[in-house]
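So the structure is just underneath, and the comments pick up after that.
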Amino acid sequence: MVPNMKRIIMHTVRSVSERILRHPGVFEMWGIDFLLDADLNLWLMEVTPIPDYSAATPAIGELKLKIKRDLIDMEFALMDNNWDLFDKI
């Protein structure tokens, strides 16, 4: 499941990479929502520039912290056009 999510996210970022703001110290974080159907097919539902940062439980808080760290690493890779590093995150 995670490889498919990553593939969809990477495709989404690459499709708009020329329009993404690229300035040192400036980051864009998107909320990307997925849906699993009854057959466990993964569907991209929406991409929003205003993600929800709240944490309903400690476990979700830890998960969101990891996601934020990965997003920052992805942003640095994107700013440097380092797709190999981006793919490893």
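Of the listed requirements (1) surrounded by fewer than 12 Cβ atoms within 10 Å (Cβ to Cβ); (2) among the small types (G, A, S); (3) at pLDDT below 85, S17 misses just one: (1). Scanning segment 30-89 for residues that are assigned to a loop (DSSP other than H, G, I, E, B) and either acidic (D, E) or surrounded by 14 or more Cβ atoms within 10 Å (Cβ to Cβ) (or both) turns up W30, D37, D39, P51, D52, D80, I89.
The values are calculated or read from the model by the stated rules, or taken from the named source; none is laboratory data. Remember, predicted model here, so these are calculated numbers, not experimental data. A quick note on method: Cβ atoms are made from the backbone with ideal geometry, for glycine too, and the neighbour counts reach across all protein chains shown.
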